[in-house]
Amino acid sequence: MWHRKYVDWTAGQLIGRQEGSDREVDFAKQAAVYGLYAANNELVYVGQAGRGCLYNRLRNHALEDDLFCLWKRFSWFGFYSPEQLGRSQVEDIVVTRLALKDALDAIESIAIYLALPRYNLRRETGFQHVA
């Protein structure tokens, strides 16, 4: 969960750290499914950002559209690794072949990650087969 007040919406960057690393990464150009959360952590909006536009979509919600007053925090599931973002190696083809079960596991994991339903006890992710 990122708090929107700590983002400089004029900088064009989303600087953060990958879990378990001290290295800074700019996630602004991430392709992602994202969620916007109210102050009480209620999920109020889910959207998507295509290649290169996570920052732009979030900035629009923070400053320009009717959602600006409804949310305080945001989170996302990105499709590109920090290494790909650092080298600007982001391609339209994310996965060339994926079994239905693996796709469903990944979609379920994204929904759980964004919505954080209190009665869903699943802790593992469905991303192990996504390459």
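The values are calculated or read from the model by the stated rules, or taken from the named source; none is laboratory data. Please read all numbers here as calculations on a predicted model, not as lab measurements. Please note: Cβ atoms are built from the backbone with ideal geometry, for glycine as well, and neighbour counts cover all protein chains shown.
Quick notes on this structure:
- Selection status of V25, touching a residue at least 24 places away in the same chain (Cβ under 8 Å), assigned to a strand (DSSP E or B), hydrophobic (A, V, I, L, M, F, W, C) and farther than 25 Å from P117 by Cβ: yes
- The single condition from (1) at pLDDT 90 or above; (2) surrounded by 13 or more Cβ atoms within 10 Å (Cβ to Cβ); (3) hydrophobic (A, V, I, L, M, F, W, C) that L63 fails is (2).
So that you can scan it fast, the table gives a plain yes or no per residue for (1) in a helix (DSSP H, G or I); (2) under 19 Å from T10 (Cα atoms); (3) in contact with a Gly (Cβ under 6 Å, 6 or more places away or on another chain):
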site	(1), (2), (3)
V33	no, no, no
N41	no, no, no
Y45	no, no, no
R51	no, no, no
L58	yes, yes, no
L70	no, no, no
Q84	yes, no, no
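- Counting only residues that are among the basic types (K, R) and in contact with a strand residue (DSSP E or B) (Cβ under 8 Å, 6 or more places away or on another chain), the range 4-61 holds 4 of them.
- Number of residues in the range 6-22 that are hydroxyl-bearing (S, T, Y) and either part of a strand (DSSP E or B) or over 16 Å from E83 (Cβ atoms) (or both) equals 2.
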